[in-house]
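What follows is a short report on a single structure.
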Amino acid sequence: MRVTLIQPYYHNIWEAIGLAYIASYCKKNFQGKLEFGFYQSYFDCDEDIISGAANSDIVAFSCTSPTFKHGVTLAKRLKTQNPKIRTVFGGNHVSALRDLIAEDCIDQMVIGEGEKAFLQILEGDTDRCVYGKPINFEELPWPDRDLTKNHRTVDLCEQMIGRRTTSFQANRVCPFRCRYCAERVITGIHNKKSNPIRTRDVKDLMDEIEFVADKYKLDFFKFVDATFDTSAEYVISFCEEKIKRGSQLEWECMIHAGIAGKEMFSWLDKANCRQINVGCESGSPKVLRDMRKGTKVEDIIQVFNWAKEFDIERRAFFILGLPTETREDIMMTEELALRIQPDVFGVTILCPYPGCDYYDHERMKDIDWAKTDEYSNDFWCTEYFSNNEIKRWQRYLTKRFESNLAWHHSIMKNTTPEEILKP
Ligand code: B12
Ligand code: SF4
C-alpha cells in the first residue's frame, strides 16, 4: 500500500512530529507492505506534492486550523487527478470541528491521537470519523525523522536563529484546562483516573535525544510539550538522567509556573537547560482565574526570580483581550512584566481557534484561519475593548518592551507613533 503524508503550508513550523509518530507506529504494526512518502509545504511546492502523491492509495493530511484550507485545496487537486485516492485528515482542526466538516474531498477524519486510528484505517476501517485511542510511550517507537526529513527543519533553525535544534515529546495530556487552548481535542481532558498524564521514561527520552543530536549535529534541543513540568519530580528525574550521562547539550522547555519549584530550577541549571518559556498570560489574578490558568501572579514572580538566580534565559508570553479584562487588568500585566523583567517578551491577542472554550462556531465559521492569528487578528473584541483598542494596547506593550521582543513580533503590522501612546 502506498501512503503519502502531508503537512500543508504555514509560515511558522517545526518538524512534523505527529506524522513522524504515526508513520513509525504503522510501520511497526501493519502486517503487509507499506510504502510511505512525505511532503511539507513549507519546503515542497504544490506541483511536486501533486505529482509525487498522485499514485498513492491513501493521502493523509495533518492540519491545524490555519493549514486546513491549503490541505483541502491539495486534496481536491489530487482527487481530480486520481479519483481512487482515499484522503484522510487528522490534527487539531478536524478533531475540533468533526461534525461540521462537509468537504467532499475528505473521505475520512481521525479525531484525536492518530497512531492507532490510522493503523485501523490502513487495516480497512472506512468510517468517516475514526476515533483516536490513548497510547502509552512504551507502545510507541521513536518518531520516524528520516521520513519527515527532520534535517530540513534543523537546517532552517540554524539559518534563522543560529541554533541546530529540534524537538522531542516527553508527555501527553496536559493537567490544565486553560480556556483559550485547544490542546484537549487531541489528548482529552485530564482526569487522574480515566485520562492521566502519560509521561515518557526518561532513559528512553535521553536515548532518543542523544541519537538524534548525534545524527543531526544538534547544538540545542527543545520539547513540543506545552507543559514540560507536569510534575517537578519528572523534571528532576529527566535532569538527573541527563547529568548522569554527561550530556552537555543545551536545551529549552515550556514551564507552567503553577508547578515549578526552586529545587527544580537548580536541577534545570545543572542539566544545562538554558531557556525557559513561560505562558504568564496576565498580571491580573481575576483574569488568570477566569481563563483557568492554574497559576497565581506570585508563582510567576517566583519562577522568574529562580530562573534569574540560575542564569537561565527567561521568556515571558502574555495574552490580551480575555473577556473580563479591563484597563486596570492590563495595567497589572504591564506591572508584572516590569517586575519580572523577562529576557524576551511577547504579547498576543486572544485568538479563539476551534477547540478552545472561546470559539463560537456561529460567530466564527467564516473566519479564514490561514490569515487570522494571535499576533494581529482583526476580529476579536470584548465587552470592554474594540479590536482596535486591544491592538493599541498590544502596540503600547510592544513599544514598552521593544528592546527584548520575541521574534514573532516582526510579523505584527507596523505601527505609527501616535498609536503607541498609552491608550
Ligand atoms: C509545539 C506546538 C507548536 C510548534 C510546532 C509543532 C509542530 N510539531 O509542528 C510551533 C511553535 C511551531 C507551533 C506553531 C503553530 N501552532 Co502550535 N502548538 C504546539 C503544541 C504546544 C504541541 C503540538 C505538538 O507538536 N504536539 C505533539 C504531536 C505528537 O501531536 P500532534 O501534532 O497534535 O499530532 C497528533 C494528533 O494531532 C494526530 N494527528 C495530527 N495530524 C494528523 C494527521 C493524520 C492523517 C492523522 C491520522 C492524525 C493526525 O495524531 C498525532 C499523533 O498522535 C500545541 C498545543 C498542545 N499542547 O498540543 C499547539 C497548537 C497545536 N498550535 C496551535 C496553533 C494555532 C499554532 C499556530 C497557528 C500559531 C501561529 N499563529 O503561528 C502555528 C501553526 C503551525 C502549523 N504548521 O500548523 C493550536 C492549534 C489550534 C487549532 N484549532 O488548530 C494549538 C492546539 C495551541 C492552541 N492555541 O490551542 N505550534
Ligand atoms: S495552555 Fe498549556 S497549560 Fe493550558 S491547557 Fe493548554 S497546553 Fe495545558
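The values are calculated or read from the model by the stated rules, or taken from the named source; none is laboratory data. The structure displayed is predicted, hence computed values, not measured ones. Positions of Cβ are backbone-derived with ideal geometry, glycine not excepted, and every protein chain shown enters the neighbour counts.
What the table shows:
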quantity	calculated
Per-region count, the stretch 155-187, residues part of a helix (DSSP H, G or I) and near ligand 1 (Cβ under 8 Å from one of its atoms)	3
Matching residues, the stretch 293-324, being surrounded by 18 or more Cβ atoms within 10 Å (Cβ to Cβ) and assigned to a helix (DSSP H, G or I)	Val297, Asp299, Ile300, Val303, Phe304, Trp306, Ala307
Selected residue (only one of Val3, Val72 is more than 28 Å from Lys222 (Cβ to Cβ) and touching a Phe, Trp or Tyr at 6+ places or on another chain (Cβ under 6 Å))	Val3
Cross-chain or 6+ apart pairs with Cβ under 6 Å, the stretch 252-269 first and among the charged types (D, E, K, R), then away from ligand 1 (no atom under 16 Å from the Cβ)	Lys262/Trp306; Asp269/Phe310
Count - residues of the stretch 280-302 that are hydrophobic (A, V, I, L, M, F, W, C) and under 22 Å from the mean Cα position of the chain (by Cα)	4
Tabulated pairs, the stretch 33-54, first in the same structural domain as Arg77 (by TED's automatic domain parsing), second among the β-branched types (Val, Ile, Thr) and outside any strand (DSSP E or B), C-beta under 6 angstrom, 6+ apart or interchain	Phe38/Thr148; Tyr39/Ile49; Tyr42/Ile13
Listing of helices (runs of 4 or more DSSP H) fully contained in the stretch 36-121 that carry 2 or more residues being more than 16 Å from Ala23 (Cα to Cα), of a type outside the set (A, V, I, L, M) and more than 21 Å from the chain's Cα centre (by Cα)	46-53, 65-81
Condition check for Ser95: in contact with a helix residue (DSSP H, G or I) (Cβ under 8 Å, 6 or more places away or on another chain) and within 16 Å of ligand 2 (Cβ to nearest atom)	yes
Candidates Phe401, Phe379 - the one that is among the hydrophobic types (A, V, I, L, M, F, W, C) and surrounded by fewer than 16 Cβ atoms within 10 Å (Cβ to Cβ)	Phe379
Whichever residue in the stretch 143-202 is at positive phi and within 16 Å of ligand 2 (Cβ to nearest atom) and, among such residues, is surrounded by the fewest Cβ atoms within 10 Å (Cβ to Cβ)	Gly188
Residue within the stretch 24-37 that is of a type in the set (A, V, I, L, M, F, W, C) and within 22 Å of Thr165 (Cβ to Cβ) present	no
Hits in the stretch 325-356 (condition: among the β-branched types (Val, Ile, Thr) and either buried (at least 21 other Cβ atoms within 10 Å of the Cβ) or under 16 Å from Thr398 (Cα atoms) (or both))	Ile330, Thr333, Ile340, Val344, Val347, Thr348, Ile349
The lone exception for Lys222 - which of (1) of a type outside the set (A, V, I, L, M); (2) away from ligand 2 (no atom under 16 Å from the Cβ); (3) touching a Ser or Thr at 6+ places or on another chain (Cβ under 9 Å) it fails	(2)
Qualifying residue in the stretch 73-90 (condition: in contact with a Pro (Cβ under 6 Å, 6 or more places away or on another chain), near ligand 1 (Cβ under 9 Å from one of its atoms) and under 22 Å from Gly124 (Cβ atoms))	no
Ile6 vs. criteria within 16 Å of ligand 2 (Cβ to nearest atom) and outside the structural domain of Arg172 (by TED's automatic domain parsing)	no
Residue match in the stretch 91-99 (condition: surrounded by 22 or more Cβ atoms within 10 Å (Cβ to Cβ), in contact (Cβ under 8 Å) with a residue 24 or more places away in the chain and among the charged types (D, E, K, R))	no
